[in-house]
Amino acid sequence: MNPMILTLVLVSLAVGAIVSIPASQKQIQTWIGIDYVSLTGVSDSERSELTDMLVSRREDVQNVFGAYAVITETPWVEEAYVTWRWPDRLHVDVQRLEPIAYWNTDGFISDKGEIFVSGHLSPGRLPHLSGPAGKEKLIMQQYVQINQVLNRTDHSVDTLSLDERGAWSFTSQHGIQVLLGKELVRERLDALLVVLQSLEERGLADRVAAMDVRYANGLAVKWKPGEVAKNESTTQREVRL
């Protein structure tokens, strides 16, 4: 999480101006009495959750530091910018974590590989990533890499999984299951790209059910039932590179 950004707004009686002073640069009294809090950057349901939390923990929210700590404990909050408005108001601008994919069974993953849970999101169709705890950033990096390769085709990642053995597999948004295995993943992706582009050029990609790229010198293509490619008599063949 980014360093805490807190600002105390002080009223200069001498000139009648409002001066913004970074708390880290001044030795000032940090206790203030808070009666009102305004929140921006959130939906109505998120605002309700944060407001209820601030009210229930009022004793912890008597200064900007306390308010910052309470707000940023929320799993879906990435950062908060807290301002004291004299004499008794706090303004909090909330920066939320934005999901780019579902994570395992009950969470989301952000573009920075951070896992969080939120009951306020209805993001619609997102990719689904899954894997062991602690491997989130690795899985996010692999997700980006695979999509960069698939960007040269009509496919993208719909689901991506890393199992406990360290083996990768994914399913494209067109339903093709791809087994990548544990080793030489980038080389196998390049091999997949060559064959996938060839299948697309021949109008056969939509007939493919699965592709196994774990072979040393080729890959296996499994056709959908009833969609065996022309001149093929089996539902699976090995393609030599």
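Points to keep in mind about this one:
- The residues of segment 160-173 that are surrounded by fewer than 18 Cβ atoms within 10 Å (Cβ to Cβ) and more than 21 Å from residue 135 (Cβ to Cβ) amount to a single one, 173.
- Scope segment 13-71; condition over 24 Å from residue 97 (Cα atoms), modelled with pLDDT of 50 or more and assigned to a loop (DSSP other than H, G, I, E, B); matching residues: 33, 34, 35, 62, 63
- Only residues that are in a helix (DSSP H, G or I) and of a type in the set (Ser, Thr, Tyr) were counted in segment 168-194, giving 0.
- Scanning segment 74-130 for residues that are in a strand (DSSP E or B), in contact (Cβ under 8 Å) with a residue 12 or more places away in the chain and of a type in the set (Gly, Ala, Ser) yields 80, 101, 110, 130.
- Test for residue 157: is it in contact (Cβ under 8 Å) with a residue 40 or more places away in the chain and either outside the structural domain of residue 225 (by TED's automatic domain parsing) or surrounded by 15 or more Cβ atoms within 10 Å (Cβ to Cβ) (or both): no
- Of all residues in segment 169-176, at least one satisfies being touching a helix residue (DSSP H, G or I) at 6+ places or on another chain (Cβ under 7 Å) and aromatic (Phe, Trp, Tyr).
Results for (1) crowded, with 17+ Cβ neighbours inside 10 Å; (2) assigned by TED's automatic domain parsing to the domain that holds residue 126, shown as yes or no for each residue.
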position: 48; (1), (2): no, no
position: 62; (1), (2): no, no
position: 73; (1), (2): no, no
position: 80; (1), (2): yes, no
position: 110; (1), (2): yes, yes
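- Scanning segment 207-221 for residues that are buried (at least 16 other Cβ atoms within 10 Å of the Cβ) and not in a loop (DSSP other than H, G, I, E, B) gives 207, 208, 210, 211, 212, 219, 221.
- There is at least one residue in segment 114-121 that is loosely packed, with under 14 Cβ neighbours inside 10 Å and more than 14 Å from the chain's Cα centre (by Cα).
- Subset of segment 183-206 (residues that are farther than 15 Å from residue 151 by Cα, in contact with a strand residue (DSSP E or B) (Cβ under 7 Å, 6 or more places away or on another chain) and surrounded by fewer than 19 Cβ atoms within 10 Å (Cβ to Cβ)): 185
- Residue 88 vs. criteria over 27 Å from the mean Cα position of the chain (by Cα) and not aromatic (Phe, Trp, Tyr): yes
- Condition check for residue 139 on (1) part of a strand (DSSP E or B); (2) under 18 Å from residue 168 (Cβ atoms); (3) not hydroxyl-bearing (Ser, Thr, Tyr): one failure, at (1).
- Considering only residues in segment 136-148 that are out of contact with any strand residue (DSSP E or B) (no Cβ under 6 Å at 6 or more places or on another chain) and crowded, with 17+ Cβ neighbours inside 10 Å, the one that is nearest to residue 103 (Cα to Cα) turns out to be 140.
- Residue 99, sole failed condition from (1) at pLDDT 85 or above; (2) more than 19 Å from residue 158 (Cβ to Cβ): (2)
The values are calculated or read from the model by the stated rules, or taken from the named source; none is laboratory data. Because the structure is a prediction, the values reported are computed rather than measured. Glycine also receives a Cβ, built like all others from the backbone with ideal geometry; neighbour counts cover every protein chain displayed.
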